[in-house]
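What follows is a short report on a single structure.
The values are calculated or read from the model by the stated rules, or taken from the named source; none is laboratory data. Predicted model, so just to flag it, every value in this text is computed and none were measured. With ideal geometry, Cβ positions are generated from the backbone for all residues, glycine too; neighbour counts draw on all protein chains shown. The accessibility values were calculated without ligands, DNA or RNA, using every heavy atom of the protein model including side chains. Shrake-Rupley method; radii C 1.70, N 1.55, O 1.52, S 1.80 Å.
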Amino acid sequence: MMQGPLKPQFTGARVTRLEDARLLRGRGRYLDDIDVPGTLHVAFVRSNRPAARIVSIDVEEALAVPGVYTVWTAEDCGITMYTERYDVGQPVLAKDEVRFVGEAVAAVFAEDRYVAEDAAERVRVVYHPLPPVLGFDEALSDEGRRVHAHRANLFHHTEHQTEGFAEAFASAPHRAQATFVTHRQTGVPMEPRGCMAQLDAATGRLTVYVSHQSPHQFRSQLTELLQMPENQIRVIVPEVGGAFGIKAMLYPEYLVVADAARRLGRPVKWVSDRTESLLADAHARDNRHEVEVAFDEEGRILAVRDHVFGDTGAYPFLGFPGAVGEAGWATSMLTGPYKIPHVSITVDCVFSNKAPEGAYRGVGGPVGAQVQEGIVDLVARHLGKDAADVRRVNFIRDEDFPYQTATGNVYDPGSYAESMEQALALIDYERFRREQAELRRQGRYLGIGICTFVEPSAGAESEAGSTPYEAASIRIEPTGTVTAALGLGPSGQGHETTMAQLIADQLGVDVKDVVVMHGDTDSAPFGGGTGGSRSGTIGGGAALRASQEMRQRLMKLAAHLLEAAEEDVELVDGHAQVKGVPARAYSVRDLARIAYTDVARLPEGMQPGLEVVVRYQPPLSTTYSNGTHVALVEVDTQTGFVRVLDYVVVNDCGRLINPMIVEGQIHGGVAQGIGSAFLEELRYDDSGQLVTTSLMDYLLPAATDVPRMRVTHIETPSANVGGFKGMGEGSLIAAPPALAGAVSDALAPFGVFVTEIPVHPQQILEWVQGRVHSA
Amino acid sequence: MKPISFSYYRPKSLAEALDILAQEEEAKVIAGGQSLVPLMNFRLSRPKTLVDINGLRELAAVEADGGVLRIGALVRHQELLAHPLVVQHFPALAAAAAEIGHWAIRTRGTIGGSLVHADPAAELPAATVAHRGVLVLTSAHGERRVDADAFFYGYLMTDIAPDELLTAVELPLPSGVRYGFAEHARRPGDFALAGAFVEVAEAGHAGAVTWFGVGGRPDRQEMELSPDAASRGRQFAAALAELDGPEDEVEARYRRQLAAVAAEQAYQRAIASGRGN
Ligand SMILES: Cc1cc2nc3c(=O)[nH]c(=O)nc-3n(C[C@H](O)[C@H](O)[C@H](O)COP(=O)(O)OP(=O)(O)OC[C@H]3O[C@@H](n4cnc5c(N)ncnc54)[C@H](O)[C@@H]3O)c2cc1C
């Protein structure tokens, strides 16, 4: 019925990103570029104790600093972000007690940030220290203090076991066990978080600018917590310089800023500095998986038992307590691309006196993949088999789709085995194995790690909320150019380009004639935003559906004007013409002019103007993309340093909208994976202080740490509109296990098997020199 | 991450700079700002007055004179690593300067700032100690010359007085000895975890190793360097055991191991530098 154009020109092509002209020239306008006269700048006084009762807060000296407008504590702003399910609320300014280092205790409002920080130093908080709770075991022990006095630290417990697990496990010929640990990490966007709010004196409406991923969800949360009508709040998300999930969360600072703007009657602005970011942005990945695997002689995995511990920190983020999200994803995807018939899964999530955990790109995916690939490598080790062969024995094959996993997911078709075979061919696996043996004799230790990942994408629920659809509005302006608006919240992914590609193809116009807007709740239709790898798939589906509807309108109008049947009209190169007769044509520009200004010529019943709004909910509740990453590393056994020598990715995210953008996403994810596997760790000391509070201590991969990588594609289309599958997270899901596996492989002669990331060089030397043993 | 408020001077002559330093309390010199500004933004350093010496072009020269190379305090790392006199006489110093931070940092950061800041993992303090340099410190009361070995006290601590300006460092032109340098950093451009300058006599086995990144200051130890690699390794390990390391045991062991690896590489480079001539 709604036939696409015969030759899509833009969809699938390497269209140069429309955003880059401004971004690469430094012309993007970010939150901190918004500069309104009379703005009050905020500095937060943050707790320097992991756990303490607040005895008193004295703001007198701070108020006396010239240029200070006022200082707020919980007494002045009593908003609490309350999660009914766990009966825990986070006051936006700490009330009575502080529960992590970095928790906001007071807010100073001043004429500039310098003065605000001068005054913040002069706020005197007297604390009565309490013993901090700093890890799973402490949180769970009977002696451990309660982080929230009125409730137990264990706040989330689930168990799931397949029928017949016990027998399958007990009767298996082999069993092995390992404990996998991922330390705390976070997404580190180049642009830190920030928020600015301003009351419109004329209308009384509150405009809130925020660096965020879900403009509408953010507005809904403000509506509720500020108790303001939805139409009195306008949320504007300016250019966002990276988000990675951490900007999908609702943070206390935003509520303080918004509340102050409306109550103080002045514009108010706060931009996080890097130390605040490391202290109080959503943390992630603080997980332990105690795993046992049962398998047969061939390496076929028969059953897996996993007991997961997750530390969510002091408070649950509204709608997304990180540890629950992570454990949920990790265990749901535990069997990855493998046919593992039996699982037994126990999840325990606790509160602790550390920063709250939320979403970070991939959520539990990287941790689950670490377990999923770890057990396969473990089985290979035990049986003395090749790691690729053990994968071959276990893969879900083409004939198995749709495949229902032991954890209850239904996978749509993918290319698991094929992606691995292609990746191994790209890296020339057989030759590598020969070279590896030869080099080992020379004292050089190279290794290969493989991760075949399955990425659940475009799910009904994600950190971006539970909006299972996306919306697109499309308007053809009276002169024939196209303006579209979506409810997405991009942060550099290039949605303005990919959405324009889809729309341009449907309407037969140039991609440069399509302007895609987003991020302003006054102009964008209500949508879910960006997160959970949903934008390309669900957003793309909405763009496609809306432009198809618009296309029909154009065809109908053209047919009427040309006095032809609709079936005989085609849309090519910006013209609607009678098929094969370019002489009988109307340009889109003419059609638009007629639709708006010459309405007497419209067919009976057709509304003037050219504007549609469409909401699209995909038929699949989740569509699964996949691929294989292979990392080749060399470990220097004198220094403990790991160098990534080669890296290949075979990716399958269904139909590609723009391969260049997909590859860019993969490059970034692998870079973050290198950080995750080797560099990044948020470290708390024994007294509960975060010791990695600058980028001197929280190490990020630099350009020189990231190898040139080779990326190729397989396209196994999804049943969703357009055949797209999401792919925002797969690269960061797959890279850490591939890299960790490569280190295990390189150091196999020393009996090293990596189960904990990040892997530090001093750790590697301790292993190699036999001082400590790995799992 | 904003500094406290401060007054700012940009003197036009050395005399004016020294006057300001003599008169203003809690004044600090700012050169490249690559160490000072981060500290000020963290409010770990809280000077009331900044004396910007970037206008004093007389501090920016490199000249060879009477058997010494005199390097002005304002010489940037990026100039140092490429300067013909440095490359000719002090190739190990040039190599070390190339390992400092990144290009943007090297075009601002100065040798004077690096020496006065005295980070124990910094390249240039160690290079100055290794080459037995002399620091020229000037104040309104006159000039003082201090051996590099005596200048560095410990972690970020030196012999400089608040009213003094480091104007230059003088390195005696080497004769009959060769130098090699190596270091290991987590990522290119990071401060080294550990590193070493090794000095070997052109005749005989006399030599010295200057370690950095292990203890709180660069340490120069003279030793007969065995021609046998295994014995050299033991010598390095024994020498390193004498240094105070970081508190954490694993960390200390790791840094000593890296330093030993660096020393061996530096030794090989020193030997190889002779073959080229
Ligand atoms: C990201 C990053 C990475 C870095 N990596 C390295 C590295 O790998 N190795 C390394 O060695 N350094 C590194 N640095 C530091 C850099 O080398 C600095 O340039 C150097 O330490 C200080 O020089 P400066 O001219 O910037 O001094 P400033 O920051 O201006 O001053 C530093 C201190 O010296 C004092 N001072 C400066 N000049 C004089 C003078 N002539 N007389 C008296 N006092 C003076 C100042 O008062 C201040 O106390 C790095 C810096 C950054 C930001």
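How big is the charge dipole of chain A about its Cα centre, in debye rounded to the nearest 20, if each Lys and Arg gets +1 on its Cβ and each Asp and Glu gets -1 on its Cβ? That gives a dipole near 960 debye.
With a sphere of radius 13 Å drawn around the Cβ of B:ALA126, what net charge do the other residues whose Cβ falls strictly inside it have (Lys, Arg +1; Asp, Glu -1)? Can you show the working numbers first?
Details: positive: B:ARG132, B:ARG217, B:ARG220; negative: B:GLU99, B:ASP119, B:GLU123, B:ASP149, B:GLU183, B:GLU199, B:ASP219.
For residues surrounding B:ALA126, the net value is -4.
In this structure the amide hydrogen of A:THR83, modeled in the peptide plane, comes within under 5 Å of the amide hydrogens of A:VAL88, A:GLY89, A:GLN90, none closer than 5 places in sequence on its chain. For the range A:1-78, the normalised intensity computed at q = 0.12, 0.19 Å⁻¹ comes to -0.69, -1.04 (log10 of I(q)/I(0), Debye sum over alpha carbons, equal scatterers, no solvent).
Which of the trypsin sites (Lys or Arg not before Pro) across the range A:70-155 are loop residues per DSSP, with 13 or fewer other Cβ within 10 Å?
Numbers: sites: A:ARG85, A:LYS95, A:ARG99, A:ARG113, A:ARG122, A:ARG124, A:ARG145, A:ARG146, A:ARG151; in loops: A:LYS95, A:ARG99, A:ARG122, A:ARG145, A:ARG146, A:ARG151.
In loop regions of the range A:70-155 (DSSP not H, G, I, E or B), the sparsely surrounded trypsin sites (Lys or Arg not before Pro) are A:ARG146, A:ARG151.
Placing one equal scatterer on every Cα of the range A:518-562 and applying the Debye formula, the log10 ratio I(q)/I(0) at q = 0.17, 0.23 Å⁻¹ is -0.62, -0.83. Here A:ARG392 sits with roughly 70 square angstrom of accessible surface, probe radius 1.4 Å. The label point for B:GLU222 and the one for B:SER5, both projected 7 Å from the Cα toward the Cβ, are 5.6 nm apart. A 1.4 Å probe over all protein chains sorts A:PHE10, A:PHE244 by accessible area into A:PHE244, A:PHE10, starting with the largest.
Across the range A:728-775 the C-alpha pair distances fall into 5 Å bins from zero in the proportions 5, 23, 30, 21, 10, 7, 3, 2, 0 percent. Partners of A:LYS247 within straight-line reach, counting lysines whose Cα lies under 20 Å from its Cα and excluding those fewer than 8 residues away in the same chain: A:LYS269, A:LYS354. Cα-based values for the range A:191-348, radius of gyration first and Dmax second, are 21.2, 77 Å. Solvent-accessible surface (1.4 Å probe) assigned to A:VAL304 amounts to roughly 0 Å².
Express the Stokes-Einstein translational diffusion coefficient of the range A:546-618 in µm² s⁻¹, to the nearest whole number, given a Kirkwood radius over alpha-carbon pairs, 4 °C and a viscosity of 1.567 mPa s. Present the calculation step by step, with values, prior to reporting the outcome.
Working: Rh = 12.5 Å.
Using the Kirkwood radius from Cα pairs, D works out to 103 µm²/s.
The relative contact order of chain B comes to 16 percent, based on Cα pairs under 8 Å that sit 6 or more residues apart.
Ranking A:GLY362, A:GLY144, A:LEU507 by Cα position along the charge dipole of chain A, where only Lys, Arg, Asp and Glu carry charges on their C-beta atoms, puts A:LEU507 farthest toward the positive end. Other residues with beta-carbon under 10 Å from the beta-carbon of A:VAL147 carry, at +1 per Lys or Arg and -1 per Asp or Glu, a net charge of +4.
Close amide H contacts of A:ASP286 (hydrogens built in the peptide plane, cut-off under 5 Å, sequence separation of 5 or more or a different chain): A:GLN185, A:ASP311. Calculate how steeply helix B:249-276 sits against the longest principal axis of the alpha-carbon atoms of chain B, using the helix alpha-carbon long axis, and give the answer as 0 to 90 degrees to the nearest 10. In chain B, helix B:249-276 runs at an angle near 80 degrees to the longest axis.
The trypsin sites (Lys or Arg not before Pro) of the range B:170-277 include none that meets both criteria, a DSSP state outside H, G, I, E and B (loop) and at most 10 other C-beta atoms within 10 angstrom of the site's C-beta.
The Cα-based radius of gyration and maximum Cα-Cα distance (Dmax) for the range A:439-562 are 20.3, 80 Å.
So how strong a dipole does the range B:177-276 carry about its Cα centre when Lys and Arg Cβ are +1 and Asp and Glu Cβ are -1, to the nearest 20 debye?
The calculation lands at about 380 debye.
Projecting the Cα positions of B:ALA238, A:LEU557, A:VAL293 onto the charge dipole of the protein assembly as shown (unit charges on Cβ atoms of Lys, Arg, Asp and Glu, taken about the Cα centre) puts A:LEU557 furthest along the positive direction.
With every protein chain kept in the model, how would you rank B:ASP149, A:ASP273 by accessible area, 1.4 Å probe, largest at the top? Don't skip to the answer; put the middle values down first.
Numbers: B:ASP149 85, A:ASP273 30 Å².
Ranking B:ASP149, A:ASP273 by accessible area, largest first, yields B:ASP149, A:ASP273.
In the range B:1-47, burial by the other protein chains removes 20 Å² or more of 1.4 Å probe accessible surface, compared with the chain on its own, from B:MET1, B:LYS2, B:PRO3, B:PHE42, B:ARG43, B:ARG46. In straight-distance terms, cross-link reach from B:LYS28 covers every one of the lysines whose alpha-carbon lies under 20 Å from its own, apart from those fewer than eight places away in the same chain; here that gives B:LYS2, B:LYS12, B:LYS48. With bins 10 Å wide beginning at 0, the percent of Cα pairs of the range B:60-172 falling in each bin runs 15, 52, 30, 3. The alpha-carbon of A:LYS556 sits under 13 angstrom from the alpha-carbons of these aspartates and glutamates, leaving out residues fewer than 8 places away in its chain: A:GLU566, A:GLU567, A:ASP568, A:GLU570, A:GLU604. Using a/c under 1.5 as the rounded threshold, could you call the range A:289-380 rounded, prolate or oblate? The axes a ≥ b ≥ c are square roots of the C-alpha gyration tensor eigenvalues, and prolate needs a/b larger than b/c, oblate otherwise. Since a/c reaches 1.5 and a/b is larger than b/c, the shape of the range A:289-380 is classed as prolate. Comparing B:ILE71, A:HIS41, A:ILE57 along the charge dipole axis of the protein assembly as shown, the residue lying farthest to the positive side is B:ILE71, per the Cβ-charge model. Taking all Cα pairs closer than 8 Å and separated by 6 or more residues, the relative contact order of the range B:1-83 comes to 33 percent.
The long axis of helix B:229-241 is offset from the longest Cα principal axis of chain B by roughly 40 degrees. Per residue, the average separation of C-alpha pairs within less than 8 Å and at least 6 apart gives chain A a relative contact order of 15 percent. Dipole size of the range B:209-253 about its Cα centre, with +1 on Lys/Arg Cβ and -1 on Asp/Glu Cβ: approximately 220 debye, rounded to the nearest 20.
Amide H contacts of A:TYR127: A:VAL55, each under 5 Å away and 5 or more positions distant or on a separate chain (H built 1.01 Å from N in the peptide plane; Pro and chain starts excluded). For B:ILE53, the accessible area of its heavy atoms, probed at 1.4 Å with every protein chain present, is near 10 square angstrom. Our Cα-only numbers for the protein assembly as shown put the radius of gyration and Dmax at 32.0, 105 Å. Hull volume per residue, based on the alpha-carbon atoms of chain B and their convex hull, is 128 Å³. Heavy-atom accessible area, probed at 1.4 angstrom with all protein chains present, ranks A:LYS725, B:LYS28 as B:LYS28, A:LYS725, highest first. Rounded if a/c is under 1.5, else prolate if a/b is larger than b/c, else oblate: which is the range A:362-473, with a ≥ b ≥ c the root eigenvalues of its Cα gyration tensor? The shape class here is prolate.
Classify the range B:7-109: rounded, prolate or oblate, from the alpha-carbon gyration tensor (a ≥ b ≥ c, eigenvalue square roots; a/c under 1.5 rounded; otherwise prolate if a/b is larger than b/c)? Cα axes put the range B:7-109 in the oblate bin. For the range B:177-276, the fraction of C-alpha pairs farther apart than 17 angstrom is 46 percent.
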